[in-house]
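Report on one structure; see the data block that follows.
The values are calculated or read from the model by the stated rules, or taken from the named source; none is laboratory data. Just so we're clear, the structure is a prediction, and the values are computed from it rather than from any experiment. Virtual Cβ from ideal backbone geometry, glycine too; neighbours counted across all protein chains shown. These area figures cover heavy atoms from the full protein model, side chains too; ligands, DNA and RNA do not enter into them. Shrake-Rupley method; radii C 1.70, N 1.55, O 1.52, S 1.80 Å.
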Amino acid sequence: MTQPTSIRNRFDRSLQPIRSQSRIRNSRFRRPRLETLEQRYVLAAAIWDGGGPDLNWSTPENWIGNQIPASGDEVTIDDARSIEVVYDIEEPLSIASLNLSESLKLTAGGLTVAGTTVIQPNRTLTVDGAELLAEGPAQIDTTSLYVRNGGELRLPGATSYTNTNTSDHDRYLRANGVGSVLSLPNLVSISSSLHRYDELFIESLNGGAVELGTDVSEMVVAGGAVRFIADGGA
């Protein structure tokens, strides 16, 4: 038998408080909302300890933790001895920064430094048939830079060079051989020591090219003995 409309309405209204209380109780036991946090990446430090049988970059025992530098690492090379580390990695590698207290020679592949490059005074950086690009600020005072056998060394973040050496050892910025390029496109100031045998030589030899500054008229030699030599180079 169908109930009168007025009775159904009274019945439905009587259920409303019960339904509302049920929704309130359920809301008390809802799971808390979890928000997704922003991903954060911590740069890893790759530190040389020289524990391997050679001076090769590719030897795991030469690095703390027996792990050679990986992409994005902050690389530091310091040794109790006065050494030259040999970069011999064929695959391209991009690292966050490079801090050299020892000399470094690249003989293979291509190395990119996205951040700061610091080479301590009285060290050498040699690029032999390989490539090195330091995209960030570069400190190269009182160092020697050599490029040969078609290698390329590009340091757009270097804006000045000062040679303060007084230990009877000349310093060189040299590109030697066809296709060899030493590029310092934003270098606008050069100064050197006046002491004998402590001069700075800037050399383009046998088809090599040294690029200094965006405009040669803006180059300033603040003082000291600086010699420019172009023998079949530019």
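Just to confirm a number: summing +1 for Lys and Arg and -1 for Asp and Glu over residues other than Pro60 whose beta-carbon lies under 12 angstrom from that of Pro60, what do you get? Net local charge, Pro60 excluded: -3.
Averaged per residue, region 31-187 has 50 square angstrom of accessible surface, using a 1.4 angstrom probe with ligands and nucleic acids left out. Note on region 57-151: along the principal axes its Cα atoms extend 32, 30, 23 Å, ordered by decreasing extent.
Of the accessible area of region 99-154, computed with a 1.4 Å probe over protein heavy atoms only, carbon and sulfur atoms account for 38 percent. Over what distance in Å are the Cα centres of region 136-202 and region 92-118 separated? Each part's Cα centre sits 16 Å from the other's.
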